[in-house]
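What follows is a single structure, written as structure tokens, with notes after it.
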Amino acid sequence: EVDATLPNYEIMCMIRDFRASLDYRPLTTADLIEEHRICVCVRARPLNKKELTAKDLDVITIPSKDVVMVHEPKQKVDLTRFLENQTFRFDYAFDEHSTNEMVYRFTAQPLVETIFERGMATCFAYGQTGSGKTHTMGGDFSGKNQDCSKGIYALSARDVFLMLKKPAYKKLELQVFATFFEIYSGKVFDLLNRKAKLRVLEDGKQQVQVVGLHEREVKCTEDVLKLIEVGNSCRTSGQTSANAHSSRSHAVFQIILRRRGKVHGKFSLIDLAGNERGADTSSADRQTRLEGAEINKSLLALKECIRALGRNKPHTPFRASKLTQVLRDSFIGENSRTCMIATISPGMASCENTLNTLRYANRVKEFGISPSDIPFSHGRSGGGRSELSPTYEVKELPVDPTAMENRPGALIEQLEVLEAQWGVGSSPQRDDLKLLCEQNEEEVSPQLFNFHEAVSQLVEMEEQVLEDHKAVFQESIRWLEDEKVLLEMTDEVDYDVESYATELEQILDQKIDILTELRDKVKSFRSALQEEEQASKQITPKRPRAL
């Protein structure tokens, strides 16, 4: 019944034969919801119109409630094709038939109670552009229009209002507020206030404040849906190779419970930027490069922060990116819980991105896997190696000790050179970036680290220059007024020439000092722009580790 002239006909037959040997036991609503401090799950979407038109193959199989298999087509030296079946295990695996309701039930719903118990909860959707993140978080799309009531944002809000009515919580007299902002290229924009740019500051108690962020009080689910619609309509989209309507920003929607004005609990729901954008750091266009660097850095930092949460580590490198800095209060404290929904595209064309997504999710919470996890039907065991390729990162790879010795030292030296050039000491941001790159040595080459350094330097300087420029602008207005008074003075018949000359000289000296200072800053900012360009050309794209 299948067209044998299809380009991938033999691969399709191999996948079909493999699937026929499985005994499917997918997740159902009858399954128990387990308690996890960190829950990591995967959701595969069905093939979309574009993939079906291109006759793309579905290479994802989800045989049981926690196993995902990727059938990666490979070619031998003699050009015969074979399948490499890579297997991953997670807390839950949702196949293409799962609804948003179902995903919500196992992932975000258990977290709603946390915020009533004075906790912090976070829920992330992670994956390549077009794999279903915004669909999962924001709701079903029909064409361009999104039905917000079917997304995890709205389902969470619905449950928050239901919980409020419970007697135990009713007496607390909690108020519900919502914020919605996006983080784009290391800057924070308020989606509920016409995309006003916000500043993120850390106060003396190490609490991170987003200055000027609008919190709206919400009384019912409808209020929340209205806010989501307002926010979604002004999110940043741009073109990546993966999708014309790519989400290039992280969208953060927060439901905040307050009791007598104080925060009682907070639920942050985050629709992350497309993870394939992190690889855009070598693009020719600076804006794309900076976006890519910021996304790459924030996803690495996010992974480390969640891992540290699971191990109760004392220090998390949260200052390495704006995303983790803003969410800092959610990664500390005994009562923090998080869940990550990794979304994957099923097509063979997306195979590399899909594997990258699964590897990332696997690193957030490391699951081992054994052949018995794969439900083969009628007593057929995984006979021989070809049946079951080892999953990523079950065994640690042997490391060449000599290679490792050369790395960190070289890194530190390059850093010192940079610090000498810039005349900058270390800042908490830079220390965290250093720590982050050391923790992810196999993904971050020294060149990529230098690039990240140059980018964060650039971002810091940009803020400084803008601030100074605004100050000079304000000052100029004052000078104009002073000069006007001076000139009016000269209209008098017998004005005091001495004081006129003295005052004018004072004004001019002031101008020269302030403008020279600004000009010097702009000069070094321009050289920082060139540094960034140079650094981006040094990056050699790293392949993921061999399996």
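The values are calculated or read from the model by the stated rules, or taken from the named source; none is laboratory data. Given the structure is predicted, the values throughout are model-derived calculations rather than measurements. Positions of Cβ are generated from backbone atoms using ideal geometry, with glycine treated the same way; all protein chains shown enter the neighbour counts. SASA here: full protein model, heavy atoms, side chains in, ligands and nucleic acids out. Shrake-Rupley method; radii C 1.70, N 1.55, O 1.52, S 1.80 Å.
Details
- For region 260-347, convex hull of alpha carbons as volume per residue, Å³: 132 Å³
- Cα gyration tensor shape of region 321-374, rounded if a/c is under 1.5, else prolate or oblate by comparing a/b with b/c: oblate
- Ranked packing of 297-309, 34-46, most packed first, by mean Cβ within 10 Å: 297-309, 34-46
- Relative packing of 365-374, 249-258, 329-338, 167-176, which averages over residues the other C-beta atoms within 10 Å, highest first: 249-258, 329-338, 365-374, 167-176
- Remark: the Cα gyration tensor places region 1-141 in the prolate category, a/c being 1.5 or greater and a/b exceeding b/c.
- Neighbour cut-off at most 10 other Cβ (10 Å), DSSP loop, GluC sites (Glu not before Pro), region 464-545: 492
- For region 323-364 versus region 427-459, the gap between their alpha-carbon centres in whole angstrom: 20 Å
- Rounded Å value of the spacing that divides the Cα centres of region 517-536 and region 176-239: 31 Å
- A simple spin-label model places pseudo-atoms 7 Å from Cα toward Cβ; at residue 533 and residue 473 they are separated by 2.6 nm.
- Pairs beyond 31 Å (Cα-Cα), from 171/303; 65/187; 205/266: 171/303; 65/187
- Residue-normalised accessible area of region 1-126, expressed per residue, 1.4 Å probe, Å²: 47 Å²
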